[in-house]
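In what follows, a single structure is set out as structure tokens and then discussed.
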Amino acid sequence: MEILTQISENLQRGKAKVVKELVEQALAENVPAATILSDGLMAGMNVVGEKFKVGEAYVPEVLVAARAMNMGVQCLKPYLAAESVQSAGKVCIGTVKGDLHDIGKNLVKMMMEGKGLEVIDLGTDVAPETFVATAIENNCDIICCSALLTTTMDGMGEVVKEAEKAGIRNKVKIMIGGAPITEEYCNQIGADKYTCDAASAADAALAFCLAKNA
């Protein structure tokens with residue numbers, strides 16, 4: 001459908017105002033909100049994510065595309081609720097205790113939302129107990145922890161321990177990422193997944209949720 005292609009292409013270019021107008025036009029033409037979301041907005045964000053993954057797009061382009069997507073989603077929200085569209089899964093995300101860096105976390109959040117996941121953003125300097133309490137209260141499928149500093153990355157191991165203590169470790173996947181993090185460290189602390197970039201994190205999170213809800 002031509003209008004869905006236009007939504008996708010304008011989102012990729014970060015034309016937020018145009019995306020909003022096209023989404024409103026598609027709704028007026030009785031295109032289902034779920035179709036606009038999947039074949040227009042998410043399709044465009046997926047292209048941006050793939051380009052980012054292979055180095056053909058950079059952080060500023062991802063940010064403007066995500067802003068365009070958010071504007072489109074705001075228009076769709078009442079219609080999606082009316083159509084009872086379920087999210088693909090639920091994630092809570094934050095930067096670990098003592099760490100105030102959030103650019104990477106914000107990118108991951110945007111990429112995950114682009115995959116149709118519901119993301120609860122806990123911000124920066126998040127205590128292990130807060131990650132786990134949020135996951136329990138909101139029935140999250142995944143806890144995502146970010147760290148940029150070697151001095152704060154040990155907080156990720158504390159999140160794993162806290163999840164074990166709370167008895168939810170078998171119900172919730174724990175994903176970690178950030179500049180100093182490695183696959184080896186992920187295995188060492190008993191987390192479920194390390195990814196080196198935001199697009200890969202979104203792909204992995206979606207795969208976890210689809211497998212869990214299959």
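The values are calculated or read from the model by the stated rules, or taken from the named source; none is laboratory data. Given the structure is predicted, the values throughout are model-derived calculations rather than measurements. Glycine gets a Cβ as well: all are built from the backbone with ideal geometry, and neighbour counts include every protein chain shown. Side chains included, ligands, DNA and RNA excluded: accessible areas come from the protein's heavy atoms. Shrake-Rupley method; radii C 1.70, N 1.55, O 1.52, S 1.80 Å.
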Exercise. Just the number, please: carbon plus sulfur as a percent of the accessible area of the chain, 1.4 Å probe, no ligands or DNA/RNA counted.
Key: 52 percent
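Shape call for segment 32-128 from the C-alpha gyration tensor, a ≥ b ≥ c root eigenvalues: rounded (a/c under 1.5), prolate (a/b greater than b/c) or oblate? Don't jump to the answer; show the numbers that get you there.
Numbers: a/c = 2.43, a/b = 1.32, b/c = 1.84.
Oblate, because a/c is 1.5 or more while a/b does not exceed b/c.
Length gain on complete extension for the stretch Glu137 to Ile3, per 0.36 nm per residue less the alpha carbon to alpha carbon distance?
Working: separation 134, 0.36 × 134 = 48.24 nm, distance 3.90 nm.
Extra length available between Glu137 and Ile3 comes to 44.3 nm.
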Quiz item: Under a point spin-label approximation (7 Å from Cα along Cα-to-Cβ), what is the Val54-Leu27 distance to one decimal in nm?
Solution: 3.5 nm
Quiz item: Sorted by mean Cβ packing within 10 Å, highest first, what order do the peptides 97-103, 207-213, 54-60, 145-151 take?
Solution: 145-151, 97-103, 207-213, 54-60
Quiz item: For segment 41-200, with every protein chain kept in place, what is the accessible area per residue (1.4 Å probe, Å²)?
Solution: 47 Å²
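How much net charge surrounds Asp203 when only the other residues with a Cβ under 11 Å from the Cβ of Asp203 are counted, with Lys and Arg +1 and Asp and Glu -1?
Cβ neighbours under 11 Å give a net charge of +1.
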Practice problem: List, in the order given, every pair from Lys97/Lys161; Lys51/Lys173; Lys90/Lys161; Lys17/Lys77 whose Cα-Cα distance in the structure shown is over 19 Å. | Solution: Lys51/Lys173; Lys90/Lys161
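When the helix-only estimate is applied to the chain (DSSP H runs of n ≥ 4, each -39,500 (n - 2.57), divided by the residue count), what is the mean residue ellipticity at 222 nm, nearest 500 deg cm²/dmol? Walk me through the numbers before you get to the answer.
Details: 9 runs with 116 residues, N = 214.
After summing the helix terms and dividing by the residues of the chain, the value is -17000 deg cm²/dmol.
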Practice problem: Would you list which aspartates and glutamates come within 16 Å of Lys115, measuring only between C-alpha atoms, while excluding same-chain residues fewer than 8 positions from it? | Solution: Asp39, Glu50, Asp141, Asp197, Asp203
